[in-house]
Amino acid sequence: MINSKLQISNCYNINQLRLESWNSLKLESSILSENSKGSTEEKKQIEKVKNILRTLESIESYFALPGIHRLGLLFEMMERQEYTAFAHKISEITKLLVSDKYRSNPNALEDEDLKIDQLEDIDKYDGKGKNYFEVLFVEDISLQEENKLRSDLKEVGTSSDQFNYGVVVQKTFEDAMIALKFNSNIQAVVIRYAPPYKSKKISPVLKPFVQSIIDLDMNSKSEIRLGPVLGRLVKKFRPEIDTYYVTDTSLANLKDNTLKTFDRIFYRAEDVQELHLTILRGIYKRYETPFFSALKEYSKKPTGVFHAMPISRGNSVFKSRWINDFGNFYGRNMFLAETSSTKGGLDSLLQPTGTLKTAQKMASKAYGSLNTFFVTNGTSTSNKIVVQALVKPGDIVLIDRDCHKSHHYGLVLSGAYPVYLDSYPIEKYSMYGAVPLQQIKDKLLQLKEAGRMQLAKMLLLTNCTFDGFVYNVEKVMEEILAIKPDMIFLWDEAWFAFAGFTYNYKQRTGMYVADKLSKKYKTDKYRIEYEEHIKGLKKGEVSKLPDPDKVRIRVYSTQSTHKTLSSFRQGSMIHIWDQDFRKKTQNTFMEAYMTHTSTSPNYQILASLDAGRRQVQFEGYELVEKSIELAMVFRAKVNDHPKLKKYFDVLTVGDFIPKEYRSSGLSEYYNPKTGWNRMDKAWEADEFVLDPTKITIHIGRTGVDGDTFKNKYLMDQFNIQINKTSRNTVLLMTNIGTTRGSITYLTNALLKIADELDREELSLTTEENKIHQAKINSLTQDFPPLPDFSYFHHSFQAVPGVPGGNIREAFTLAYSEENYEFVPLSECRPTMEGGRTLVASSFIIPYPPGFPVLVPGQVVSEEIIHFLTVLDVTEIHGYAPELGLRVFKDSVLNRQQTVTSMGSNKKKNLIDKK
Amino acid sequence: MGGTSPKVKRQQKDFISWFEIPAINFQQSVNFYNQIFGIDMETNIDDNYAMAFFPVSNGIGGSIVAGPGSTPGDSGPLIYLNAGKDLNLVLGNVENAGGRIVMPKTLISEESGYFAIFIDSEGNKLALYSSQ
């Protein structure tokens, strides 16, 4: 084994190992072809090549292409000492694999005569050619039987089939799971009879990548049960995959959940024709995009428009003498698909009955919800819809204060009283983490004590946050439901739409956990666990488990599809898993949806949501895993490179999440000494985890602040666009569109910046150097404190001392100019020391961090003044430096006070007589 | 009518016959008044409405009412509740009971006495009165 240890620690996942092995095989085989025959070097080289081939053999057995069969051919070529042809063949296969081109033409590998230069032609078929996928067969069969299966399936295929597929056969349960993990292009699984459990193929090379599968350990299950168990696991880890089961068990003896697990059950293994058609049908069902297809069809029809929208069909554009360049830029299709029609195959978003209804149903299935609604005005609107649908004026919403501003405005609109939760501050990097569960529980119990818990309708949290903090959704919901069993959860998953498509992430999403908990609380096993838990409670101790008779699962997630998946900007979805939706909220939800949804929704956005859904159902797993892989590779690169290390730190788990929230002990994803740490355990149990695709780089040692670094260095010099910065950090993200090339470009840019910084430093005069050092010190050692939410002024509080305030009243009081005045920032402190209470009359939102440090009705604290004073950003919404803070006049704060008329009348007061 | 006074000037002993304080959370409201006045209100609950009565011997009485049409608010008429000799004894309990003091004990005039304003646990604005 060549450097196997080194190889493994260098590779984050099997894909990397696979490609690197092929590349090194390519290199070593070409050296072999140049070795002189019979020399010692040649012998050594033969051993080297054989070792790589063996490594590849264990990997390739999980893929249909190039496949174990072709690897066998390579071994044979070696035996025949045809080293030149051998090296050539390997180079071809490697090129196909690296470029992914075999997917558009799997026959490229079959065709012995096909030369590499012909591959360019294959490109032309891209998009028009058949889509290629792989089908996993799980059955303990011989190689001969395997080959027969392949040829049988090939025989029943016809040229008119819409899709092409290759066959991967695995003989054991464990191998099937490994294949599913490694091979992201498996789209259907056929489990035939009862596979044995233990894999015989797990080599030391594979082991680090399959530990989670070894840990499953279902050896004790009887073989006959393994088929259905495997089916269920497939649905758990890759729910989009079609599963089929071939069995002898008669229908009467099949368990209900076995029937539910599989998309279809077959009785005769020989019925290859039926199986083939079923597999293709399953793929076709996912491939369908009802609205997008309808829009394409519509745009082909000749129509006369006697309605609004002159731009429709491009009529006002292409004939124009002045704006036809606009038309040419976007192309004809864009305008042919612009219409206000809701008929002719199209549908109305406000009351869908046709293609949009079906498209939303398909999305609901793909994202694991009970109901899904498309939203064309972004997640800002989705958030407002959900809040309006579920809370009414005077209700209480527990909400993280550093959530997106749309929530704060949503609360103003709905008239709900926010109880602000504080995320823990990370002062060193001028950012906030997430809200510890204990704090949420404390606030809820405080409300309970004040008799106000019934008003607390909703817990609203951002998951994950912009910076990549991810909650333990299951733990939060479970422990909150234990206190208030009908709590509604709104998870703002604006940054987390992609999370549903790989298991580690999925288990921390609203929809997945809602489904999981709902099933869990119905079981007898849970009831026993609950009763025992209650019995074991000490006096005054709060239960951590919800009462199974009272608990209601009511979960809403809002996702910016466009942020992390394929959709046009503003494409957003509301996913609902609410067991009381029909009974309690459907009407108010629809009203709220009507309130905020345009009656002219953008069809291109809707079509993109539909197409994006198809994409994640086929390649979501692959692309998400890939974006994680690229993020990991980048993290490692910056950590390992001495020049990059000099100026940049990739901040990791331990920098962001205090120890007490990391029971797994995972503190970094990559360590230059020990290589990759597996994230599985941390993602299963820790209170908070860090999404590795959100990469925060500490740039304090460059002496350049985040905002300048973003604009003057990354954007102006390299056209690299990033979004968020803090004083001393910049945030980079990988997504499903990130390529290896873009990661390389970024790394390269950082290297060039490092060079430039080196040069600049050398040319500094003594005086300049002092200033430079002072700047570095300021960025690395002076940390402005991050203020918590203070409290609402008592005239806005519902009950004194109990959290929650009437933000809407405060907001609307500021409509009248007479109610507020400005106090310059420098005078705030003396004014407060003089005994006056300053209360904000507007939202004050600095960018960054991008959330309000003051909300209407909030009392200004010393800490907030200090924060605003030292804040070095230029963009502060709601604050004009030349005017100062906009605060309420005292008369407003005392608005509930009045005079009494008693004793003012001329006659003696009635009371005086008494 | 503007400015012209009615021909017959009527006078009567009381202009209040009865007062009602609306509540959403009935029990919470009853607890509030029980606590601030140190009383034990009698309640009457049916399918639609819940009521609790301020114990009076022979003066003007009133009640807490929860149910349809009975909505608390901090605007509208202001009722002055009789807080005995020194209203601070009642007012001192307001915040503990879940209310909020809007105006502390305030002198009206030597001959008229004192008043204070608070918001009860349901968000109603009320005043307290005492002669000392």
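The values are calculated or read from the model by the stated rules, or taken from the named source; none is laboratory data. Just so you know, these numbers come straight off a predicted model, no measurement behind them. Reconstructed Cβ throughout: ideal geometry from the backbone, glycine too, with neighbour counts over all protein chains shown. Protein only, heavy atoms only, side chains kept; ligands, DNA and RNA dropped before computing areas. Shrake-Rupley method; radii C 1.70, N 1.55, O 1.52, S 1.80 Å.
Beyond a 19 Å Cα-Cα separation, which of these cross-linked pairs lie in this structure: A:LYS441/A:LYS544; A:LYS563/A:LYS626; A:LYS457/A:LYS525; A:LYS506/A:LYS584; A:LYS384/A:LYS441; A:LYS448/A:LYS539? Over 19 Å apart, Cα to Cα: A:LYS457/A:LYS525; A:LYS506/A:LYS584; A:LYS384/A:LYS441. Each 10 Å bin from 0 upward holds the following percent of the Cα-Cα pairs of the stretch A:620-776: 10, 36, 34, 15, 4, 0.
DSSP finds beta bridges in chain B, and of those with both partners inside it, around 70 percent are antiparallel. Kindly express, to the nearest 10 degrees and within the range 0 to 90, the angle between helix A:603-640's C-alpha long axis and the longest C-alpha principal axis of chain A. Compared with the principal axis, the helix lies near 80 degrees. Per-peptide packing, taken as the mean over residues of other Cβ atoms within 10 Å, places A:842-852, A:91-101, B:9-19 in the sequence A:842-852, A:91-101, B:9-19 from highest down.
At an R0 of 35 angstrom, the distance between the Cβ atoms of A:ASP215 and A:VAL98 translates into a FRET efficiency of 0.65.
Given their separation in residues at 0.36 nm each and the Cα-Cα distance between them, A:TYR267 and A:SER39 gain 76.2 nm when the chain is fully extended. Simple rule: put +1 on each Lys or Arg Cβ and -1 on each Asp or Glu Cβ in the stretch A:534-603, find the dipole, and look at A:TRP577, A:TYR593, A:HIS562; the Cα lying farthest toward the positive end is A:TRP577.
Loop-located GluC sites (Glu not before Pro) in the stretch A:826-886 (DSSP state not H, G, I, E or B) with no more than 12 neighbouring Cβ atoms inside 10 Å: A:GLU882. Under 12 Å between alpha carbons, and skipping anything fewer than 8 positions from A:LYS775 in its own chain: which aspartates and glutamates qualify? List returned: A:ASP705.
Taken about its Cα centre, the protein assembly as shown carries a charge dipole of roughly 1720 debye when the Cβ of each Lys and Arg holds +1 and the Cβ of each Asp and Glu holds -1.
With contributions of -39500 (n - 2.57) from each DSSP H run of at least four residues, the per-residue ellipticity at 222 nm computed over chain B stands at -4000 deg cm²/dmol. If you wrap the tightest convex hull around every Cα atom of the stretch A:330-467 and split its volume per residue, you get 173 Å³. Surface exposure of the stretch A:153-244, expressed per residue as accessible area with a 1.4 Å probe, stands at 38 Å². Each chain gives up part of its surface: B and A jointly bury about 1700 Å² of accessible area, both sides summed, for a 1.4 Å probe. Summarising the strand pairing of the protein assembly as shown, around 55 percent of its internal DSSP beta bridges are antiparallel. Which Cα, out of A:PHE792, B:ASN82, A:SER816, lies furthest along the positive dipole direction of the protein assembly as shown (beta carbon charges, K/R +1, D/E -1)? Towards the positive end, the residue furthest out is B:ASN82. Note on A:LYS200/A:THR739: beta-carbon distance plugged into 1/(1 + (r/R0)^6) with R0 of 41 Å gives a FRET efficiency of 0.65.
Panel values: the stretch A:807-893, Kirkwood radius from alpha carbon pairs, Stokes-Einstein at 25 °C and 0.890 mPa s, translational diffusion coefficient 190 µm²/s.
Reported to the nearest whole Å, the Cα centre-to-centre distance from the stretch A:865-881 to the stretch A:183-242 is 56.
Put one equal scatterer on each alpha carbon of the protein assembly as shown, apply the Debye formula with no solvent term, and list log10 I(q)/I(0) at q = 0.05, 0.10 1/Å to two decimals. Scattering profile of the protein assembly as shown, log10 relative to I(0): -0.42, -1.38. A DSSP coil position with no more than 15 other Cβ atoms inside 10 Å describes the following chymotrypsin sites (Phe, Trp or Tyr not before Pro) in the stretch A:270-332: A:PHE306, A:TRP322. If the chain linking A:LYS405 and A:LYS236 were pulled fully straight, counting 0.36 nm for each residue of separation and taking away their Cα-Cα distance, it would gain 57.4 nm.
Rounding to the nearest 10 and keeping the result within 0 to 90°, find how far the Cα-based axis of helix A:173-182 lies from the longest principal axis of chain A. Tilt of helix A:173-182: around 70 degrees.
Between the Cα long axis of helix A:83-99 and the first principal axis of chain A there is an angle of about 20°, rounded to the nearest 10. Per residue, the solvent-accessible area of the stretch A:807-893 (1.4 Å probe, heavy atoms of protein chains only, all protein chains present) comes to 44 Å².
The GluC sites (Glu not before Pro) of the stretch A:203-302 that DSSP puts in a loop, and whose beta carbon has at most 11 other beta carbons within 10 Å, are A:GLU270. Computed about its Cα centre, the charge dipole of the stretch A:620-776 is approximately 200 debye, with only Lys, Arg, Asp and Glu carrying charge at their Cβ. Counting only protein heavy atoms and a probe of 1.4 Å, the accessible surface of chain B is 50% carbon and sulfur. FRET efficiency for the A:ASP161 to A:LEU27 pair, using the beta carbon distance and R₀ = 56 Å, is estimated at 0.90. Counted residue by residue at 0.36 nm each, then reduced by the alpha carbon distance between them, the extension gain from A:LYS550 to A:GLU145 reaches 140.3 nm.
Across the stretch B:18-130 the C-alpha pair distances fall into 5 Å bins from zero in the proportions 2, 12, 22, 26, 20, 11, 4, 2, 0, 0 percent. Here each label is just a point 7 Å from Cα along the line to Cβ, and for A:LYS154 and A:THR780 those points are 6.3 nm apart. Counting protein heavy atoms only, chain A has 51 percent of its accessible area on carbon and sulfur, 1.4 angstrom probe.
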